[in-house]
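Notes follow once the structure below has been shown.
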Amino acid sequence: MNVERNLILAFESSCDETSVAVIENGEKILSNIVATQIKSHQRFGGVVPEVASRHHIEQITDCIDLAMSEAAVSYEDLSAVAVTYGPGLVGALLIGVTAAKTVAYAHDLPLIPVNHMAGHIYAARYVKPIEFPALALLVSGGHTELVYLAGPGQFEIIGETRDDAAGEAYDKIGRVLGINYPAGPEVDRLAHLGQDTFHFPRAMDDSKSFDFSFSGLKSAFINTVHHADQIGETLKREDLAASFQQAVVDVLADKTMRALDAYPVKQLILAGGVAANHGLRERLDSELTAFSDVEFLKAPLKLCGDNAAMIGAAAYVSYQLKQFGDMSLNADPSLEFDWIAS
Ligand code: KG4
Ligand code: ZN
């Protein structure tokens, strides 16, 4: 049987990674070039938007060339061009959007606008096909959301953070511990060497809503460290990290289990930068034994952070539904989750 080969050239530039990928039929990565700028932002303790935009401009054409040559394809082989158009930093998004529009125009290819958060969810597509209805726990540096997916391209946020995102809280408390941005991986590592001795607050854990709040936990952490500094006491970093991580994981896991009770689904998807967290992955693994009919799809570790392969997978849904953008496409820094209504 001759299976049709649809190749999508995908772009991601919403924050501090410039990424270009070539994806076959939304399921096979032919190339996925990720140029990270982390080192340039570390000395500022976080992402500086203007610095990010400049790096994207410098990197994007090299990333396109590398993605095309690594995939061993030519522009005539492509079926479409996809790009993240929001949410994210406006200057950063504009670089990817402009590059994608240029390639689409020059080679007369359809243009597929992709929501960055939908992209994160579709990173799980590289484990196996998404089955609906599904629930996604989406945890990144900018977002913490529980998303109900009734069908392909249908996203409903049933809970979200009211203040800091989980990854943002990791980065802020990491700074207090003297850990470079992004602090998540190092706090995760330290947490496995310590104990939850501080019992930080689990905000909104008792509330019926599926919303989250992490700023109280962050403040409790910072106050604890400052108070200890003032009285000349040295606290064990491993225990601080373990206590913080336990509080984050408790709230994320409890809310997700309650959402699974309220929304019967076939799959639970864990995605976003914080989905790489070992404590969270282990906890959800063990909690899900109580839901034997729910399959657990974890985004592959190397696709949890921002990358264009996930954008190409999400774009393939639009490609099949023939939902294309045009040359009027603009960056939308505060894009909401109503990108496709089937
Ligand atoms: O999804 P992402 O790459 O970028 C956004 O779209 O925000 O997420 C980056 C975030 C950072 O805050 C980083 O500290 C966090 O993900 N992160 C982690 C881990 N790895 C990355 N947080 C906790 N544990 C980890 N292992
Ligand atoms: Zn992201």
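The values are calculated or read from the model by the stated rules, or taken from the named source; none is laboratory data. Keep in mind the model is a prediction, meaning the values are calculated, not measured. Reconstructed Cβ throughout: ideal geometry from the backbone, glycine too, with neighbour counts over all protein chains shown. Side chains are part of the model used for accessible areas, which takes the heavy atoms of the whole protein and leaves out ligands, DNA and RNA. Shrake-Rupley method; radii C 1.70, N 1.55, O 1.52, S 1.80 Å.
Data overview
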item: Ellipticity estimate at 222 nm from DSSP helix runs (n ≥ 4, -39,500 (n - 2.57)) divided over the chain, nearest 500; result: -13000 deg cm²/dmol
item: Sparse-neighbour loop sites [chymotrypsin sites (Phe, Trp or Tyr not before Pro); segment 8-113; at most 15 other C-beta within 10 Å; DSSP]; result: 44
item: Radius 11 Å from Cβ of residue 297, net charge of other residues (Lys, Arg +1; Asp, Glu -1); result: +2
item: Reciprocal mean inverse distance between Cα atoms of segment 131-298 - Kirkwood radius, Å; result: 16.2 Å
item: Segment 235-342 - percent relative contact order, Cα under 8 Å, separation 6 or more; result: 24 percent
item: Helix 166-176 vs. the chain, principal-axis angle (Cα, 0 to 90°, nearest 10); result: 50 degrees
item: Gain on full stretching of the segment that runs from residue 282 to residue 132 - 0.36 nm per residue minus C-alpha separation; result: 51.6 nm
item: Positive minus negative residues near residue 205 (Lys, Arg vs Asp, Glu; Cβ under 12 Å); result: 0
item: Three-way shape call for segment 80-184 based on the alpha-carbon gyration tensor, with the a/c threshold at 1.5; result: oblate
item: Per-residue ³J(HN,Hα) for segment 143-156, Karplus 6.51 cos²θ - 1.76 cosθ + 1.60, θ = phi - 60°, Hz, x for Gly and Pro; result: 9, 9, 9, 9, 10, 9, 10, 6, x, x, x, 10, 10, 10
item: Gaussian network model of the chain, springs between alpha carbon atoms under 10 Å - residue of 93, 109, 303 with greatest fluctuation; result: 109
item: Average Cα contact separation per residue, the chain, under 8 Å, 6 or more apart, as relative contact order %; result: 26 percent
item: Per-residue HN-Hα couplings for segment 113-125 [Karplus 6.51, -1.76, 1.60; θ = phi - 60°; Hz; x = Gly/Pro]; result: x, 10, 6, 3, 6, 5, x, 3, 4, 6, 4, 5, 4
item: Residue among 234, 36, 102 with the largest mean-square fluctuation in a Gaussian network model of the chain, springs linking Cα atoms under 10 Å; result: 234
item: Among 200, 244, 212, residue whose mean-square fluctuation peaks in a GNM of the chain (springs only between Cα atoms under 10 Å); result: 200
item: Accessible surface, the chain, averaged per residue in Å² (probe 1.4 Å); result: 43 Å²
item: Placed amide H near residue 211: partners under 5 Å, 5+ positions off or other chain; result: 160
item: Angle in degrees between helix 49-71 and the longest Cα principal axis of the chain, rounded to the nearest 10; result: 50 degrees
item: Stretch gain in nm, segment residue 257-residue 5, where the contour uses 0.36 nm per residue and the Cα spacing is subtracted; result: 86.8 nm
item: Lysines with Cα under 23 Å of residue 218, excluding same-chain neighbours fewer than 8 positions away; result: 172, 208, 236, 255
item: Degrees separating the helix 215-230 axis from the principal Cα axis of the chain, which is the longest one; result: 50 degrees
item: Estimated FRET transfer efficiency when R0 is 51 angstrom, pair residue 294-residue 231 (beta carbons, to 0.05); result: 0.60
item: With DNA, RNA and ligands ignored, accessible area of residue 163 (1.4 Å probe; Å², nearest 10); result: 60 Å²
item: Residue 180 versus residue 69: modelled label distance in nm, points set 7 Å from Cα along the beta carbon direction; result: 2.8 nm
item: From phi via Karplus (6.51, -1.76, 1.60), per-residue ³J(HN,Hα) for segment 81-90 in Hz, x at Gly/Pro; result: 10, 10, 8, 5, 10, x, x, x, 7, 4
item: Rg in Å to one decimal, and Dmax rounded to a whole Å, for the chain via C-alpha atoms; result: 20.3, 74
item: The chain - percent of accessible surface contributed by carbon and sulfur, probe 1.4 Å; result: 51 percent
item: Where only alpha carbons of segment 4-69 are counted, the Rg and the Dmax (Å); result: 13.5, 48
